[in-house]
Amino acid sequence: MSSQSSASHDELTSRPETLAAGYIFDLDGTIYLGNDLLPGARRLIETLTALDRKLLFLSNNPTNSPADYVTKLSQLGITTSPDQVLNTVHTMVDWLTRFHPDATVFPISEEPLKHALATAGIRMSDDPTRIDIVIASYDRTFDYRKLQIAFDAIRTYRRAMLVTTNPDRFCPFPGGHGEPDAAAVIGAIEGCTGTRCRQNTGKPDPFMLEAALTRLKLDASQCIMVGDRLMTDIRMAIDANMPSAIVLTGETTIDILRAHPASDHPTWVLNRVDEVLPQPVWDQQGW
């Protein structure tokens, strides 16, 4: 048995010793879970704001707009602004306008992405003879009709490529529950067409991190990525040599962490999100 797999909970957990210039936070499973604020999240954000640190909330979930996230965070007691929220609605639109501005797309998605595409002037169609790009996204209205259109655009007419907003297998809910995410749609399309997804505009793709760092005007080395998923949040940071912290309040448990090789592990492991603050800050706050 390896020392990693036999390590105790306390031996695996750790926290930063100094403050960073910027903090990038995942949302669901890190700041909140479902409609419940997670322990320590509000006081963490208030403290970092008071310390004049740059903050960005980063989500792979394309079923809400940045404004929707601002509203939800406000309802949970966290004050923020749209420029402090970045999700895959924004990054997908940005990727298309930068690299495929003249493409006709078929978004298998919910309304926030469709609205953003229309606002950006990106052509959309459900005619497989006109589609250049099929976008597989987190879509709770996914059905056989949409799958058939994607199949025809990609395989029958051999004209479209497949891309995705995010590669997440499921969206976590409280109590260990969840629902299928974009990976289910990707899998269905890949399974019947034999194609492979060509681009992901969410975590862990570098395109998402580039957008986040551009928003913060900081380098990766100056920030800490804080999230609950090893293969998206933490993988993105590791690939960029960026400090990272995983919280054990979402998808990843201590047993899941033990089962992964050290190459998948973050810089720090936190029981709760406010532990990303160094102990001296806790002491100063009287926590």
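Values in this text are rule-based calculations from the coordinates and carry no lab data. From a predicted model like this one, the values you see are computed outputs, not experimental measurements. Cβ placement follows ideal geometry from the backbone for every residue including glycine, while neighbour counts extend to all protein chains displayed.
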Exercise. Between Asp68 and Arg123, what is the spin-label point distance in nm, taking each point 7 Å from the Cα along the Cα→C-beta axis?
Worked result: 2.8
Exercise. For the pair Glu111 and His260, how long in nm is the line joining their label points, each one 7 Å along Cα→Cβ?
Worked result: 3.5
For this session: Just rank Lys203, Lys146, Lys217, Lys114, fewest to most, by other beta-carbon atoms within 10 angstrom.
Result: Lys217, Lys114, Lys146, Lys203
Exercise. In units of 2.2 N^0.38 Å, what is the alpha-carbon radius of gyration of region 89-200?
Worked result: 1.02
Problem set entry | region 66-72 - phi-based ³J(HN,Hα) in whole Hz, Karplus 6.51/-1.76/1.60, Gly and Pro as x | x, 5, 4, 5, 4, 5, 5
Seminar exercise, completed: Cβ density ranking, 10 Å radius, fewest first, applied to Val85, Val273 yields Val85, Val273
Exercise. Just from its helices, what would the mean residue ellipticity at 222 nm be for the chain, if runs of 4 or more DSSP H residues each count -39500 (n - 2.57) and the sum is divided by every residue, rounded to the nearest 500 deg cm²/dmol?
Worked result: -9000 deg cm²/dmol
Exercise. Considering the values [x] -0.65, -0.88, -1.24; [y] -0.87, -1.07, -1.28; [z] -0.64, -0.90, -1.36, which represents log10 I(q)/I(0) by the Debye sum over Cα atoms at q = 0.11, 0.13, 0.16 Å⁻¹ as calculated for the structure under consideration?
Worked result: [x]
For this session: Could you pull out which residues in region 43-84 have an amide N less than 16 Å from a spot 7 Å beyond the Cα of Leu19, following the Cα-Cβ vector?
Result: 43-56
Exercise. With contacts defined as alpha carbon pairs under 8 Å and 6 or more residues apart, what's the relative contact order of region 1-101 in percent?
Worked result: 24
Seminar exercise, completed: Non-local residues with an amide H under 5 Å from the amide H of Phe57, with H modelled 1.01 Å from N and Pro and chain starts lacking one, are Phe25, Val85, Leu86
Exercise. Taking 0.36 nm per residue of separation and subtracting the Cα-Cα distance, what length does fully extending Ala50 through Arg158 add?
Worked result: 33.4 nm
Exercise. From the backbone phi of region 74-87, what are the Karplus-calculated ³J(HN,Hα) couplings (6.51 cos²θ - 1.76 cosθ + 1.60, θ = phi - 60°) in whole Hz, Gly and Pro given as x?
Worked result: 4, 5, 8, x, 10, 8, 8, 9, x, 6, 9, 10, 9, 9
Exercise. So what are the ³J(HN,Hα) numbers for region 193-206, from phi and the Karplus equation (6.51, -1.76, 1.60; θ = phi - 60°), rounded to whole Hz, Gly and Pro as x?
Worked result: 9, x, 7, 10, 5, 8, 8, 10, 9, x, 4, x, 5, x
Exercise. Tell me, in nm to one decimal, what length is gained between Arg140 and Ala184 on full extension, where the rule is 0.36 nm per residue of separation less the Cα-Cα distance?
Worked result: 14.8 nm
Exercise. Which semi-axes, in whole Å and largest first, does the equivalent ellipsoid of region 1-142 have when worked out from the alpha carbon gyration tensor as the square roots of 5 times its eigenvalues?
Worked result: 35, 20, 15
Problem set entry | Dipole magnitude of region 89-200 about its Cα centre (Cβ charges: Lys, Arg +1; Asp, Glu -1), debye to nearest 20 | 360
For this session: Hey, can you grab everything whose amide H is under 5 Å from the amide H of Met161? Only 5+ residues off in sequence or another chain; H modelled, so Pro and N-termini drop out.
Result: Ile133, Val134
